[in-house]
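The values are calculated or read from the model by the stated rules, or taken from the named source; none is laboratory data. Everything numeric here is computed off the predicted structure, so don't read it as measured data. Note that each Cβ is placed from the backbone with ideal geometry, even for glycine, and that neighbours are counted across all protein chains shown. Accessible surface is based on the protein model in full, side chains and every heavy atom, while ligands, DNA and RNA are left aside. Shrake-Rupley method; radii C 1.70, N 1.55, O 1.52, S 1.80 Å.
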Amino acid sequence: MLQRLDKAISNTGLLTRSQVKDALKAGRIQCDGVIVRDGARKVDPEAQAITLDGERIFSGSVILMLNKPAGFVTSTQDPRDRTVMELIPPRYRRRVAPVGRLDKETEGLLLFTDDGDLAHFLISPRHRVPKIYYARHEGEATAEDVAAFSQGLILKDGTVCLPAVLEPLGPGESRVTVCEGKYHQVRRMMASRGMPVTYLERQSESGLTLGNLPRGQVRLLSQAEEMVLRQGN
């Protein structure tokens with residue numbers, strides 16, 4: 001459906017009408033790769049690639065990446081603790097939700113989206129989407145620990161964990177790859193092998209990495225990154 005470019009952008013809540021006018025004047029908005037300065041131009045947001053500073057405005061869904069700091073719980077609201085939603089830009093807070101969870105003291109990559117199908121795909125163990133963590137811990141991982149992880153652990157409470165990858169990086173350091181997200185899973189798996197975790201960071205999910213995103217900062221995924229994410233590898 002064709003509509004005025006300035007109205008279409010302001011209706012998203014991303015920019016006010018005056019901010020859209022300034023962005024157009026500054027050449028920050030493109031339509032199908034061409035800078036547009038005329039807000040009255042008729043466009044079809046669903047069919048055309050309209051971008052602001054190189055980021056697509058109308059992508060059908062919103063996918064954000066947060067480099068989560070310690071001290072925030074992964075929840076949309078909590079009566080006691082600060083939540084990761086406080087770190088999300090206000091214009092997205094009512095639209096997106098966290099994809100899975102990182103516990104309060106775990107840092108690193110955390111995704112947010114309004115695409116329920118994508119969230120289910122990433123979370124469901126059936127799809128075996130890899131999540132990679134860096135862990136500092138007591139003790140040192142052995143070949144026996146590596147083998148135990150590869151076979152799938154059964155925790156003390158009877159929780160069955162799918163086969164995972166444990167890569168020793170040196171004394172007190174390991175990389176762990178899991179394809180599910182049970183409660184405090186990596187910490188519990190490491191503790192079950194006598195290696196309590198002292199620091200944990202998720203570094204990658206579904207092939208995406210944090211890159212140079214600073215701790216506590218958020219950004220939209222590019223279309224190329226979204227494609228990688230949806231492939232689940």
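Each residue, ARG95 and THR16, gets one label point 7 Å from its Cα in the Cβ direction; the gap between the two is 1.9 nm. Quick one: how many lysine pairs in the chain have C-alpha atoms under 25 angstrom apart, if they're 8 or more apart or on different chains? Within the chain, the lysine pair count is 14. Relative to the compact-globule estimate of 2.2 N^0.38 Å, the Cα radius of gyration of the chain comes out at 1.20. Between GLY158, GLY181, GLY170, the Gaussian network model of the chain with springs among Cα atoms under 10 angstrom shows the greatest mean-square fluctuation at GLY158. In the context of the full set of protein chains, residues of the chain present 53 Å² of accessible surface per residue (probe radius 1.4 Å, heavy atoms only). Which of THR74, THR12, THR83 moves most in a GNM of the chain, Cα contacts under 10 Å? Evaluated over the chain, the most mobile residue of the options is THR12. Packing, taken as the mean count of other beta carbons within 10 Å per residue, orders the peptides 44-56, 84-96, 103-115 from highest to lowest as 103-115, 84-96, 44-56.
Name the residues of segment 1-32 whose amide N is less than 14 Å from a point 7 angstrom out from the Cα of ALA40 along the C-beta direction? 4-7, by backbone N distance to the label point. Estimated from helices alone, the mean residue ellipticity of the chain at 222 nm is -6000 deg cm²/dmol (sum of -39500 (n - 2.57) over DSSP H runs with n ≥ 4, per residue). Of the solvent-accessible surface of the chain, computed with a 1.4 Å probe and all protein chains present, 50% belongs to carbon and sulfur.
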